[in-house]
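Only one structure is covered here, and it is reproduced in the block below.
The values are calculated or read from the model by the stated rules, or taken from the named source; none is laboratory data. These numbers were taken from a predicted model, which means no experiment stands behind them. Cβ atoms come from the backbone with ideal geometry, glycine included; neighbour counts cover every protein chain shown.
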Amino acid sequence: MRTPDIFIKATGRFLPETVSVEWAVEQGHYPARDAELHELGGVAVAGDTPAPDMALWAAQEALKRCGHRPEDLDLLLYVNSWHQGPDGWQPQYYLQRLLVGGDVLSVNVQHGCNGMFSAMELAAAHLQAGPGPRSALVVASDNFGTPLMNRWTMGAGYIAGDGASAVVLTTDPGFARLLAVGSVAVPDAEQMHRGSEPLFPPGPTIGRAVDFTARNDSFREQALSQGMGTGVLMQVHQRTLELVDRTLSEAGITLGDVWRVAYMNFSREIVEQRCMAALGLPMSISTWEFGRTLGHVGASDQIVSLDELVTTGELRPGDHMLLLGMGPGVTLSCAVVKVVTPPPWSD
Amino acid sequence: MTAEEYASKLVPFIQENLVPKDSDVTVDESTPLLELGILDSLKTAILMNYIRNELGVVIPPEQLSNSNFKSPGTIAAVITDLAASNAG
């Protein structure tokens with residue numbers, strides 16, 4: 001979706017302390033073989049800090065950085081991919097009470113680690129639905145340090161990290177433009193992330209842990225034994241390339257204009273083969289070196305990388321950044337951001 | 001290069017880089033890559049990057065079909081057609 005009149009007024013983040021992969025190997029949490037294979041460096045671990053608190057801090061930082069009054073917001077979208085607090089209670093209520101108040105439409109958005117892309121797309125449409133000026137706060141947060149999941153082994157080629165990110169989107173001019181954002185899916189591969197687990201009763205209600213690696217393996221076995229093969233997984237790569245082409249043209253730029261790329265904080269091989277080399281771009285313009293120290297922070301990876309590059313001045317006025325992600329569904333998401341003026345904050 | 005020559009490069013590359021070490025599959029021109037699950041999304045990316053970087057041919061996404069990527073032989077045919085149309 002083209003979003004020509006949508007600006008980013010500020011980003012924000014909250015990242016807890018990190019632990020190193022070496023420490024995790026010594027503790028027996030992470031196999032030495034994976035450390036060598038994936039070349040990841042560390043992961044952000046929040047201990048018992050609740051995800052909604054981290055979301056609040058990231059949101060407060062974003063609003064403070066650009067001097068935007070929380071009560072002036074028209075929309076709050078709270079993105080998460082893991083449990084936030086008591087079931088039946090949604091985390092954005094917490095930010096309504098402590099930050100934005102009761103007059104702002106506040107909704108919980110779940111779209112796996114693609115959630116910030118879809119929330120920004122929904123927010124962009126919402127901001128253009130009424131007379132301006134309008135603004136939205138999109139925030140994501142997760143703390144994976146819980147029972148029923150193991151951050152070290154739950155998925156292939158990544159370690160799940162804790163933390164939060166926030167974006168203030170406005171129709172009034174801001175330091176950067178959101179030029180385009182969009183998602184597509186490969187529905188024939190949806191079983192990849194549920195494997196052979198029953199739809200009912202839902203996993204957590206019977207204490208069932210999340211193990212994407214096991215689900216992926218059982219999906220693969222089934223696809224091979226039923227003779228379908230893995231053609232559907234090939235489509236995931238096909239649709240990724242098609243989505244990047246589409247999003248770049250919606251943004252009115254080519255790959256040659258891209259200054260930096262933020263993929264998910266996955267292994268070097270995955271980032272290089274699935275993203276950078278696949279686009280014919282060098283790893284030197286990816287955010288892999290930064291991301292490998294944080295882990296895969298739910299839906300926040302790309303926004304945390306954007307926040308880092310803007311804050312450190314590595315992304316300057318005139319520079320374009322490509323954000324790309326893949327998640328359950330299988331869902332592919334992409335966005336293009338262009339910095340217009342220096343951010344209203346610095347390191 | 002002819003389709004034969006492209007295939008003669010693809011077969012060893014797939015054998016060494018895309019077939020798991022513990023697998024007893026020996027790749028030849030007609031090996032059913034999708035039926036055997038040799039190509040998933042990551043390995044498709046690795047193969048396409050190899051074709052572009054080493055064989056100098058870019059396969060457009062829309063040609064990433066099950067029929068085109070059925071076996072090293074069918075992939076070699078696609079590459080040959082593309083190389084011809086690029087040169088033409």
Exercise. For A:G298, state whether it is closer than 21 Å to A:M120 by Cα, more than 14 Å from chain B (Cβ to nearest Cβ) and surrounded by fewer than 19 Cβ atoms within 10 Å (Cβ to Cβ).
Key: no
In the stretch A:19-54, residues that are under 13 Å from A:N143 (Cα atoms) and of a type in the set (S, T, N, Q) total 1
Scanning the stretch B:32-47 for residues that are buried (at least 20 other Cβ atoms within 10 Å of the Cβ), more than 7 Å from chain A (Cβ to nearest Cβ) and of a type outside the set (D, E, K, R) gives B:L33, B:I38, B:L47
Yes/no for A:A160 being of a type in the set (A, V, I, L, M, F, W, C), touching a Gly at 6+ places or on another chain (Cβ under 7 Å), crowded, with 18+ Cβ neighbours inside 10 Å and within 30 Å of A:K338 (Cα to Cα):
yes
B:N68 fails exactly one of (1) out of contact with any Gly (no Cβ under 8 Å at 6 or more places or on another chain); (2) of a type outside the set (G, A, S); (3) surrounded by fewer than 18 Cβ atoms within 10 Å (Cβ to Cβ); (4) more than 10 Å from chain A (Cβ to nearest Cβ), namely (4)
Filtering the stretch A:270-295 down to residues that are closer than 22 Å to B:P60 by Cα and either out of contact with any Phe, Trp or Tyr (no Cβ under 9 Å at 6 or more places or on another chain) or hydroxyl-bearing (S, T, Y) (or both) yields A:Q273, A:A277, A:A278, A:L279, A:G280, A:L281, A:P282, A:M283
Residues in the stretch B:76-87: is at least one in contact with a Lys or Arg (Cβ under 9 Å, 6 or more places away or on another chain) and modelled with pLDDT of 95 or more?
yes
Looking across the stretch A:244-283 at residues that are aromatic (F, W, Y) and crowded, with 20+ Cβ neighbours inside 10 Å, the single one that is farthest from the chain's Cα centre (by Cα) is A:F266
Subset of the stretch A:175-203, residues more than 30 Å from A:G12 (Cβ to Cβ) and aliphatic (A, V, I, L, M), comes to A:V186, A:A189, A:M192, A:L199
Matching residues in the stretch A:169-188 (among the hydrophobic types (A, V, I, L, M, F, W, C), buried (at least 22 other Cβ atoms within 10 Å of the Cβ) and in contact with a Phe, Trp or Tyr (Cβ under 9 Å, 6 or more places away or on another chain)) number 4
Reported set for the stretch A:98-107 where residues are crowded, with 16+ Cβ neighbours inside 10 Å and assigned to a strand (DSSP E or B) is A:S106
Taking first residues from the stretch A:224-251 that are in contact (Cβ under 8 Å) with a residue 12 or more places away in the chain and more than 7 Å from every other protein chain (Cβ to nearest Cβ) and second residues anywhere that are assigned to a helix (DSSP H, G or I) and of a type in the set (A, V, I, L, M, F, W, C), the pairs with Cβ under 6 Å that are 6 or more apart or on different chains are A:V232/A:A189
- Regarding A:G203, is this residue more than 28 Å from A:M120 (Cα to Cα), in contact with an Asp or Glu (Cβ under 7 Å, 6 or more places away or on another chain) and within 14 Å of chain B (Cβ to nearest Cβ)? no
Condition set more than 13 Å from the chain's Cα centre (by Cα) and without any contact (Cβ under 8 Å) to a residue 40 or more places away in the chain, scope the stretch A:284-295, selection surrounded by the fewest Cβ atoms within 10 Å (Cβ to Cβ): answer is A:S284
Of A:M228, A:M234, the only residue that is over 21 Å from the mean Cα position of the chain (by Cα), aliphatic (A, V, I, L, M) and buried (at least 24 other Cβ atoms within 10 Å of the Cβ) is A:M234
In the stretch A:152-168, anything under 16 Å from the mean Cα position of the chain (by Cα) and at negative phi is listed as A:G155, A:Y158, A:I159, A:A160, A:G161, A:D162, A:A164, A:S165, A:A166, A:V167, A:V168
